[in-house]
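Here the structure is laid out as structure tokens; the discussion comes afterwards.
The values are calculated or read from the model by the stated rules, or taken from the named source; none is laboratory data. What you see is a predicted model, and the numbers here were worked out from it, not measured in a lab. Every residue, glycine as well, gets a Cβ built from its backbone with ideal geometry; the counts of neighbours run over all protein chains shown. These area figures cover heavy atoms from the full protein model, side chains too; ligands, DNA and RNA do not enter into them. Shrake-Rupley method; radii C 1.70, N 1.55, O 1.52, S 1.80 Å.
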Amino acid sequence: TQLLEQSPQFLSIQEGENLTVYCNSSSVFSSLQWYRQEPGEGPVLLVTVVTGGEVKKLKRLTFQFGDARKDSSLHITAAQPGDTGLYLCAGYPNAGNNRKLIWGLGTSLAVNP
Amino acid sequence: KAGVTQTPRYLIKTRGQQVTLSCSPISGHRSVSWYQQTPGQGLQFLFEYFSETQRNKGNFPGRFSGRQFSNSRSEMNVSTLELGDSALYLCASSLVLASGELFFGEGSRLTVL
């Protein structure tokens, strides 16, 4: 069972466009992390969101945690080719004592110059 | 501060062989996690070590094993390799156990022929 659903699965846009990717679940998460992975590399942590409704900004990237802590979004303004990569969300669900980090399958973003 | 180092970066094995992968965490990080990444399954958790003890384990067969040394370096071993074991194996370190804030190495790309 995939507890974290990411959409869209693939996204190809032109440089300068805005985009939003989503990370959704029916479970409540104590926190969510967003990572970016470039080809041939390991994922790199971008941000952690903890509080329901929280908004965090990292330059042109805006992250939001849903009020109920079941979903999150990542908005990129004026996308650049350097934003190309696989965007992954991950988190620990509140339910149970199982401390296994749950991962989404990712959104593969291509920004064309 | 040096990042997470994984060796080897690339390796090719044949079915039935075994392989050992190595991971050196960031200095001061005591937790090391291992993941298998494939295009169809995404990041699959293998196990997490903290203070030389396996603290959590994913749903992989017993052919997959690991250990952690007193200096926090970790190794994972896969015995009796199968074609389906071809994947990118990622190691991640963190300061504390069960942290969603992971620092990944570049991975070891294993191809089983």
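When only residues in region A:3-12 that are modelled with pLDDT of 95 or more and part of a loop (DSSP other than H, G, I, E, B) count, which is most open to solvent (accessible area, probe 1.4 Å)? Within region A:3-12, the match that is most open to solvent (accessible area, probe 1.4 Å) is A:Gln9. Which one is most open to solvent (accessible area, probe 1.4 Å), of the residues in region A:23-32 that are part of a strand (DSSP E or B) and touching a residue at least 60 places away in the same chain (Cβ under 8 Å)? The qualifying residue most open to solvent (accessible area, probe 1.4 Å) is A:Ser30. When A:Glu15 is tested against (1) charged (D, E, K, R); (2) surrounded by fewer than 13 Cβ atoms within 10 Å (Cβ to Cβ); (3) touching a helix residue (DSSP H, G or I) at 6+ places or on another chain (Cβ under 9 Å), only condition (2) is not met.
Quick grid of which residues meet (1) among the β-branched types (Val, Ile, Thr); (2) under 14 Å from the mean Cα position of the chain (by Cα):
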position	(1), (2)
A:Gln6	no, yes
A:Glu15	no, no
A:Thr20	yes, yes
A:Ser31	no, yes
A:Gly42	no, no
A:Val47	yes, yes
A:Thr51	yes, no
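Among the residues making up region B:22-31, those that are touching a Cys at 6+ places or on another chain (Cβ under 9 Å) and either within 13 Å of chain A (Cβ to nearest Cβ) or of a type in the set (Asp, Glu) (or both) are B:Cys23, B:Pro25. Of all residues in region B:26-60, those satisfying the criterion of being open to solvent by 40 Å² or more (accessible area, probe 1.4 Å) and closer than 23 Å to B:Ala2 by Cα are B:Ser27, B:Gly28, B:Arg30, B:Ser51, B:Glu52. Can you tell me which residue is most open to solvent (accessible area, probe 1.4 Å) among those in region B:85-105 that are modelled with pLDDT of 95 or more and part of a loop (DSSP other than H, G, I, E, B)? Only one residue fits best here, namely B:Ser86. So for region B:9-16 (the condition being within 24 Å of A:Arg36 (Cβ to Cβ) and touching a Ser or Thr at 6+ places or on another chain (Cβ under 9 Å)), does at least one residue qualify? Checking region B:9-16: at least one residue is within 24 Å of A:Arg36 (Cβ to Cβ) and touching a Ser or Thr at 6+ places or on another chain (Cβ under 9 Å).
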